[in-house]
Structures are given as C-alpha cells and as structure tokens.
Amino acid sequence: MNDFMYYNPVRVHFGREAMAELPGELEKFGKNVLLLYGGGSIKRTGLYDRILADLRAAGKNVFELPGVMPNPRTEKVYEGIEICRREKIDLLLAVGGGSTIDCAKAVAVGACTDKDFWQAFFKDWETAEAAIPLGVVLTLPATGSELDKSSVITNMAAHEKNSYDSELTFPRFAILDPALTYTLPKAQMVNGIVDTISHLYELYISPPDEECLTDELAEAALRTEIRAARAAAVNPEDYDARADLMWTSSFALCGMLNNGKKTDWASHCIEHPISALYDVAHGAGLAVVHPAYLDYICLDALPRLRRLAIRVWDVDDAGMTEEETAREGIRRTRAFFRELGAPATLTELGVPAESIGRIADLTDLGCFSYRRLTREDVVSILKTAL
Ligand code: NZQ
Ligand code: ZN
C-alpha cells in the first residue's frame, strides 16, 4: 500500500428526511445566498419552491444563478462571480448534478480573487487563498462532486475542459435524498451509473496489486452499483436501489478509494476533450472510451483485470488463460453498459472519425498507471471505438 493523506470535511445528510436538515445548515452562514441550479428540472419537480421557502424562513436574501448547463462553461462562472462580488454573497447553494456543483466551486474561488479565474486556477493551477462557502443539494448521482473538491469547467472557445481543486472547494454540507432522483430521465440515470463505474475503475485498476482494504472496498462498491443499477432500471422508484446508487457514486470519490493507490484517470483524460468538442454527456463519452481503453492496456494490467473479472463480474476462469479471463471482464463491462442503453461507439455519440487526431491532441497525457500513453496510443484506442 502506498503512503497517503486522507481528508474530507463534507458533512453529509443522507436519506428520506435529509432535506429537513437544510434549515439547520442555513443558520450557520450569513444572510446573502446565491442559489445555483440548472435548466429547470428543480422547478418542475417542486424542489425549487421547497428550498426557496426554507431560505425565506431563514431570513436570507436570495440571489439566483439559473441555467447552469451540462458541461458547465466559463461564461456561467463569470456570471456567478459578478453576482457574488456585487451582492457580497455569504453562501453558494448548488442544487442539481455535477455541473451545477462544479460551477459553484469555480465561482467560490473565482469571486475571492482579482485574477481571471480560468487562467489562475484552471490553467495555472494557482493555490486558492479564499473561497465562498458552498452547500449542496444533490439531484443526480454521478460525479461525486458533492463529496470531493474537484471542479470541471469547459472553455468552449478554447475547446478545453479543465479541472481544478483546492481544499477550499469541498462543500461544507451535502444533502443527499435518494427520492430526489426518481424524476431523472433514464439516459441521465444511465450516464450517472457509467460515470460511477468509470470512477471506481480509474481508482481500482491501478497499482499496487497486493491485497488491501482499498481494493476490497472498491470491489464492494462496484458490485453494489451493478446490482442497484439493474434494480433501478426495472423499478425507477425502488428507494433502496436509488439509495445505493446515490451513496456509491458519492463514496467513489470521497477519497477513501484513492488511499494507497496510484490511480489512473486516463479514460477521463481522453473523454474530456470529446465533451469539450462535441458537448456530449460525460457518462455517455465514458461508456465508449473506458472499455476501449481497457482492451488496449489489457496486457499491461493483466493480473488486475483478471481479478476484476473474477471478483466483480463473477467470471468462472476454469480452463481460461489469464488474458481470456481479463478480456471476459472487459466484455461484460461493455455488455452491461449496452444492457443499460448507453452508447457503445463514437459514431453513436456523433463523433466523426476525422476528429480522432484533434481529440488526441487535446488529451492530457499526464494521467496513467500501468502504461504511459502517447498521442498515437490515444489515436489507436479511439479508432477501436468507432
Ligand atoms: O439542468 P437541469 O434542468 O437541472 O437538468 C439536469 C441536466 O440536464 C438533469 N437533472 C439533474 N437532476 C435531475 C435532472 N432531471 C430530472 N430530475 C433530476 N433529479 O440532468 C442533466 C445533467 O446534469 P449534469 O449536472 O450535467 O450531470 P452530471 O451530474 O453527470 O455532471 C456532469 C459534469 O460533471 C463533470 C463532468 O465532466 C460534467 O461536466 N464531472 C465532475 C467531476 C467532479 N467534480 O469531481 C468528476 C467527473 O468525472 C466529471 O468529470
Ligand atoms: Zn467522471
């Protein structure tokens, strides 16, 4: 097991009554609150009215940043920063999925500096000196942003999708009520499941290979996610299935599963330029990229992929070579994504073959574990995904 530092300060309220904890959390912060949300799902579900009532009852001055788009863009962050400076915002309250939370994190640090937030943090990775506190009400289990410190923002003009993190961008609290996810369209639910499995793979499919608690936890999380995904696909209002999906996606990125591991993230690094160039949903992009990446590195990661096949996908390896077993695990991963209805090829995503070179040019090659990728490797991986 490698050495590690573990820190996670997020206070989590989880369950059917979790929303009842919002007033108590609001009391801890100042009067001026910026409410951030997406394209309108929270208004359709009634969540907006409920939260506004809580804010009013707490005597808050409420300002709003609506319309945070999937793959949140720099323009929306600048808009939020402007409101924070003008209205002296004390608390950012992000209600939605990863896009809204990530936008709020970027606003949180961007509003506390005179520098341009994109250049300072998402390009130069400067250390943030201050941030506005952030609270979260999660409506889409996927990115783990509610329990981590990362923010992923897209600069459409530059075709860049970059990430930033700082200990100041951890949410102060996260409210996780699984029933809030019943209204998710099936495609969004599936994107979230694929993203969660991809996060677990990025952490688990990396050295060291010795037995350790972190790997056992990741295997349990993967098995839980697969079981709960199947149950929620049959009955979208299966509370226990939704609860497992929500907690597994948060747990995946809370930091516990990094402990002692190198971690990988190559599939995420290949997917990010695809979303930046074609504005595809992150989970949909990963459904195509991650299995293709695993097939490509199969021989470099053989013992680990064999273990994944046996312990997570229940492959009976009697009479099979190590490579056959490993490849069967990858095949079952792909088949599972397909069973859920996720896309399987770049063509299905609307990404043309001619763009592969450009995607490879924009891929950050600094993230790897078993095998250091070159630009040509990325081209080869993407060609197998056409
Ligand atoms: O915008 P509204 O109308 O709210 O609709 C949203 C949006 O269209 C809808 N939705 C959310 N909750 C709903 C709902 N519809 C009905 N009922 C509900 N309960 O779902 C759509 C997608 O939302 P979005 O927030 O974009 O999805 P997700 O949570 O998958 O976030 C994706 C973003 O997070 C980044 C991705 O790259 C992408 O930009 N990531 C962030 C990470 C992090 N911070 O650690 C890590 C991830 O790997 C990822 O890169
Ligand atoms: Zn992801």
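The values are calculated or read from the model by the stated rules, or taken from the named source; none is laboratory data. Note that the coordinates shown come from a computational prediction; the quantities given were computed from them, not determined experimentally. Neighbour counts run over all protein chains shown; Cβ positions are idealised from the backbone, glycine included. In case anyone asks, the SASA skips ligands and DNA or RNA and just uses the protein heavy atoms, side chains included. Shrake-Rupley method; radii C 1.70, N 1.55, O 1.52, S 1.80 Å.
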Restricting to the range 262-294, give me the number of residues that are over 24 Å from GLU328 (Cβ atoms) and more than 12 Å from ligand 1 (Cβ to nearest atom). 4
Every residue from the range 366-386 that is outside any helix (DSSP H, G or I) and in contact with a helix residue (DSSP H, G or I) (Cβ under 7 Å, 6 or more places away or on another chain): CYS367, PHE368, TYR370, ARG371, LEU373, ALA385, LEU386
I need the full set of residues from the range 341-360 which are over 20 Å from the mean Cα position of the chain (by Cα), open to solvent by 20 Å² or more (accessible area, probe 1.4 Å) and in contact (Cβ under 8 Å) with a residue 60 or more places away in the chain, in order please. GLU348, GLY350, ARG358
For the range 310-340 the number of residues that are touching a helix residue (DSSP H, G or I) at 6+ places or on another chain (Cβ under 6 Å) and open to solvent by 60 Å² or more (accessible area, probe 1.4 Å) is 3
All but one of (1) within 16 Å of ligand 1 (Cβ to nearest atom); (2) under 25 Å from ASP361 (Cα atoms); (3) open to solvent by less than 50 Å² (accessible area, probe 1.4 Å) hold for CYS298; which doesn't? (1)
Can you find even one residue in the range 223-242 that is more than 12 Å from ligand 1 (Cβ to nearest atom), among the β-branched types (Val, Ile, Thr), at pLDDT 95 or above and surrounded by 23 or more Cβ atoms within 10 Å (Cβ to Cβ)? no
Being crowded, with 22+ Cβ neighbours inside 10 Å and within 19 Å of the chain's Cα centre (by Cα), is that true of even one residue in the range 51-70? yes
Selection over the range 163-222 where residues are more than 30 Å from LEU26 (Cβ to Cβ), open to solvent by 10 Å² or more (accessible area, probe 1.4 Å) and either touching a strand residue (DSSP E or B) at 6+ places or on another chain (Cβ under 7 Å) or charged (D, E, K, R) (or both) yields a count of 5
Give just the number: which of (1) out of contact with any Cys (no Cβ under 8 Å at 6 or more places or on another chain); (2) of a type outside the set (Phe, Trp, Tyr); (3) surrounded by fewer than 19 Cβ atoms within 10 Å (Cβ to Cβ); (4) at pLDDT 95 or above does ASN8 not satisfy? (1)
For residues that are open to solvent by 30 Å² or more (accessible area, probe 1.4 Å) and farther than 14 Å from GLY98 by Cα, scanning just the range 146-160, find the one that is nearest to the chain's Cα centre (by Cα). GLU160
Of all residues in the range 250-280 being surrounded by fewer than 22 Cβ atoms within 10 Å (Cβ to Cβ) and charged (D, E, K, R), which is modelled with the highest pLDDT? LYS262
ALA309 being aliphatic (A, V, I, L, M) and within 16 Å of ligand 1 (Cβ to nearest atom): no
If GLY15 satisfies every condition in (1) open to solvent by 60 Å² or more (accessible area, probe 1.4 Å); (2) more than 16 Å from ligand 2 (Cβ to nearest atom); (3) not basic (Lys, Arg) but one, which is the exception? (1)
Among the residues of the range 1-51, write down those that are part of a helix (DSSP H, G or I) and either closer than 30 Å to GLY260 by Cβ or touching a strand residue (DSSP E or B) at 6+ places or on another chain (Cβ under 7 Å) (or both). ALA18, MET19, GLU21, LEU22, GLU25, ILE42, LEU47, ILE51
Please enumerate the residues belonging to the range 146-191 that are hydroxyl-bearing (Ser, Thr, Tyr) and either closer than 20 Å to TRP265 by Cα or away from ligand 1 (no atom under 12 Å from the Cβ) (or both). SER150, SER151, THR154, SER163, TYR164, SER166
Set GLY110, GLY96: member being open to solvent by less than 10 Å² (accessible area, probe 1.4 Å), within 15 Å of the chain's Cα centre (by Cα) and in contact (Cβ under 8 Å) with a residue 12 or more places away in the chain: GLY96
Only one of (1) within 16 Å of ligand 2 (Cβ to nearest atom); (2) touching a Pro at 6+ places or on another chain (Cβ under 8 Å); (3) not charged (D, E, K, R) fails for LEU138. Which number is that? (2)
